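S.K.: Have a look at this one before I ask anything.
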Amino acid sequence: MANTAGGDYEYGKLYRSEDKVYPREVKGRFATLRRIAMFVLLGAFYFGPWLTWNDRQAVLFDLPARKFYIFGMTMWPQDFIYLALLLIIMAVSLFFFTALAGRLWCGFACPQTVWTEAFSWIEMLIEGDRSKRMKLDRGPWTFDKIRKKTLKQFCWITLALFTGYTFVGYFSDIRPLTSDLLTLNAGSWEFFWVIFYGAATYGNAGFMREQVCKYMCPYARFQGAMFDRDSLIITYDTERGEPRGGRRRGSDAQAQGLGDCVDCTMCVQVCPTGIDIRKGLQYECIACAACIDACDSIMDKVGSPRGLIRYSTERALEHKTYRLIRPRTIVYTGVLTILLAAMVTTVALRKPVIMDIIRDRNTLYRDVGRQGIENGYTVRVINKHNEDHEYALSVSGIDGISIDSDTAFSLAGESVLTLPVSVTAPHENASGGHVIEFRLESTDGSGITLTEESRFRGPTDR
Ligand code: SF4
Ligand code: SF4
């Protein structure tokens, strides 16, 4: 038995196909803001890989070399703590801003929203506004329909592939990548990822659209837990709007017992997720504010004050005072402050050169006759600087201790040196165990000094 009110659902079937949503174009303050956000964010994404810093791509995540270049800063695998900290800060910021301002992220900055906005914009330019698109989809396959659909698909696929190519450009230097792709000399993985991300963009922004927000996005599911009665939400003022109903222009709505809602359904027609905000806060609402713009324009036409649908809070709707400072915001602010302080401190104290001393575990010590007792070590120096440096290595901690290897060396920028060294101390001073100190100093005037302790073991060391 078909449920005609709910689309193609049939009892006994586990899947109900979604009715296609045809959002109407809307103009207003928030539509302008959304469009500005789209241009700024997409502009930053598409131009990002073309920025240069110190003769190198400014933002490059070079996975094969295990190095991330971010505006002159080179992140090595040892620096992944910063990445972890950054992700935690982003997650806590999302909690904080959701508690304060609701789903601002979803409505204006989420990649799904931004690319859907771009794809919808192309669709609107080619196929026209809501009613024309609905008519076109319902109508037969005429030459005009084939032409419009083909042009739309061509533009969508081009934008999707360009998105995939730009995305890969953050992981593989975009200049050589461009020429390699154009001459078909790129590697198979590069082709694969361009097509993969292109297909993901095409599928998500062209077809799945609001279904990603409704069924796939985990944030939509748990954001309810981040809200409280003082969080900013987009809401319909039931007290003012109800009872809703049509009325003649110039007639006295109050005398007819009507509220301010003229039941024009414009707020529903512009909604990209196809919901009716007048039914209350729903998890499908991505807070894009299109319904605010639509309703404000209707209020202007009928001569009622704007704001029947507006940003508000549950407490404000009950005529209670809005509370900015509350336990939730205090906790989030505290955690965020601590995390930001930790991030700034660790970045400020980050060492651009690292030295590790690994003691030879196979041999406790070697008696090398008159020279004394010898211990073996491996010194590993990582030069995270972009420039080359000259270094000298020395050791101290026991009278007469010396290194029997070449201790002056040059290390190229962004490179690692592994140096096996033998350290010898006279017999009379080397019995037992000693803590010795390795010292690495730059000899080219760059002022780098590093010290690292290790253990020197003699014959009576237990
Ligand atoms: S209800 Fe309003 S704010 Fe929510 S998704 Fe629909 S149009 Fe956007
Ligand atoms: S746009 Fe405003 S007036 Fe029209 S149905 Fe929605 S709430 Fe009512």
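The values are calculated or read from the model by the stated rules, or taken from the named source; none is laboratory data. For clarity, every value in this text was computed on a predicted model and none was experimentally measured. When we count neighbours, we look across all protein chains shown, and the Cβ atoms used for this are built from the backbone with ideal geometry, even at glycine. These accessible areas exclude ligands, DNA and RNA; they are computed on the full protein's heavy atoms, side chains included. Shrake-Rupley method; radii C 1.70, N 1.55, O 1.52, S 1.80 Å.
S.K.: Calculate one ³J(HN,Hα) per residue across the range 230-247 by plugging θ = phi - 60° into the Karplus curve 6.51 cos²θ - 1.76 cosθ + 1.60, and present them in order as whole Hz with x for glycine and proline.
M.R.: So the J values, rounded to whole Hz, are 9, 6, 6, 10, 8, 9, 8, 7, 4, 4, 7, x, 9, x, 7, x, x, 8.
S.K.: Taking a virtual spin label 7 Å from the Cα of Q282 along the C-beta vector, which residues in the range 30-44 bring their backbone nitrogen under 11 Å of it?
M.R.: In the range 30-44, the label zone of Q282 (backbone N under 11 Å from the point 7 Å along Cα→Cβ) covers no residue.
S.K.: I would also like to ask the following. As I understand it, the dipole of the chain uses +1 on the Cβ of Lys and Arg and -1 on the Cβ of Asp and Glu, about the Cα centre. Which of C110, S179, G274 lies farthest toward its positive end?
M.R.: The Cα lying farthest towards the positive end belongs to G274.
S.K.: Here's something else I'd like to know. Determine the sum of side-chain charges near A289: Lys and Arg each +1, Asp and Glu each -1, restricted to other residues whose C-beta is under 11 angstrom from that of A289.
M.R.: Around A289, the surrounding residues sum to +2.
S.K.: Any of K67/K149; K27/K214; K148/K214; K145/K214; K27/K279 with alpha carbons more than 32 Å apart? Name them for me.
M.R.: K67/K149
S.K.: Accessible surface of T32 in the full protein assembly, 1.4 angstrom probe, to the nearest 10 Å²?
M.R.: Near enough 80 Å² of accessible area.
S.K.: Further question: Rounded, prolate or oblate, given the Cα gyration tensor of the chain, with a/c below 1.5 counting as rounded?
M.R.: Prolate shape, in that a/c is at least 1.5 and a/b is the bigger ratio.
S.K.: Can you pull out the chymotrypsin sites (Phe, Trp or Tyr not before Pro) in the range 124-161 that DSSP calls coil and that have at most 12 other Cβ atoms within 10 Å?
M.R.: Listed in order of number, the matching sites are W141.
S.K.: Net charge around A186, counting only other residues with Cβ within less than 14 Å of its Cβ (Lys, Arg = +1; Asp, Glu = -1)?
M.R.: Once all neighbours under 14 Å are counted, the net charge is -2.
S.K.: Ordered by residue, what ³J(HN,Hα) values in Hz, to whole numbers, does the range 315-321 give under the Karplus form 6.51 cos²θ - 1.76 cosθ + 1.60, where θ = phi - 60° and Gly and Pro are x?
M.R.: 5, 5, 5, 8, 6, 9, 6
S.K.: For the range 305-384, which chymotrypsin sites (Phe, Trp or Tyr not before Pro) pass both filters: DSSP loop (anything but H, G, I, E, B) and at most 15 other C-beta atoms within 10 Å?
M.R.: Those that pass, being in a loop and sparsely packed, are Y322.
S.K.: Given R₀ = 60 Å, FRET efficiency for I338-D367 by Cβ-Cβ distance, to 0.05?
M.R.: 0.65
S.K.: Can I ask one more? For a quick size check, give me the Cα extents of the range 144-201 along its three principal axes, largest first, whole Å.
M.R.: 41, 22, 17
S.K.: Averaged per residue, what accessible area in Å² does the range 58-213 show with a 1.4 Å probe, protein chains only?
M.R.: 52 Å²
S.K.: Next up: If I model a spin label at D404 and K351 as a point 7 Å from the Cα along the Cα→Cβ vector, what separation in nanometres do I get?
M.R.: Reported label-point gap for D404 and K351 is 2.7 nm.
S.K.: So, one more: For the range 366-419, what's the radius of gyration and Dmax over Cα atoms, in angstrom?
M.R.: Radius of gyration, then largest Cα-Cα span, for the range 366-419: 14.1, 44 Å.
S.K.: Could you tell me how many cubic angstrom of Cα convex hull volume the range 330-445 has per residue?
M.R.: In the range 330-445, the Cα hull volume divided by residue count equals 161 Å³.
S.K.: Give me the net charge for the shell around D55: Cβ to Cβ below 14 angstrom, other residues only, Lys and Arg +1, Asp and Glu -1.
M.R.: -1
S.K.: Can you give me the Kirkwood hydrodynamic radius for the range 29-138, using every pair of distinct Cα atoms, in Å to one decimal?
M.R.: Mean inverse Cα-Cα distance, inverted, gives 17.2 Å.
S.K.: As an exercise, identify the trypsin sites (Lys or Arg not before Pro) in the range 317-352 lying in DSSP coil whose Cβ has no more than 16 other Cβ atoms within 10 Å.
M.R.: K320, R323, R350
S.K.: May I ask you to compute the full-extension gain from H427 to F162, defined as 0.36 nm times their residue separation minus their alpha-carbon distance, rounded to one decimal in nm?
M.R.: Between H427 and F162, full extension yields an extra 88.4 nm.
S.K.: Related question: Could you compute how fast the range 193-257 diffuses translationally, taking Rh as the Kirkwood radius over C-alpha pairs and applying Stokes-Einstein at 25 °C with viscosity 0.890 mPa s? Give it in µm² per second.
M.R.: 148 µm²/s
S.K.: Note down the nm distance, to one decimal, between modelled labels 7 Å out along Cα→Cβ at T321 and at V21.
M.R.: 3.8 nm
S.K.: Let me ask another. Step through the residues of the range 128-140 one at a time and calculate ³J(HN,Hα) from phi using the Karplus curve (6.51 cos²θ - 1.76 cosθ + 1.60, θ = phi - 60°), rounding each to whole Hz and writing x for Gly and Pro.
M.R.: Result, rounded to whole Hz: x, 6, 2, 5, 5, 5, 5, 5, 5, 5, 7, x, x.
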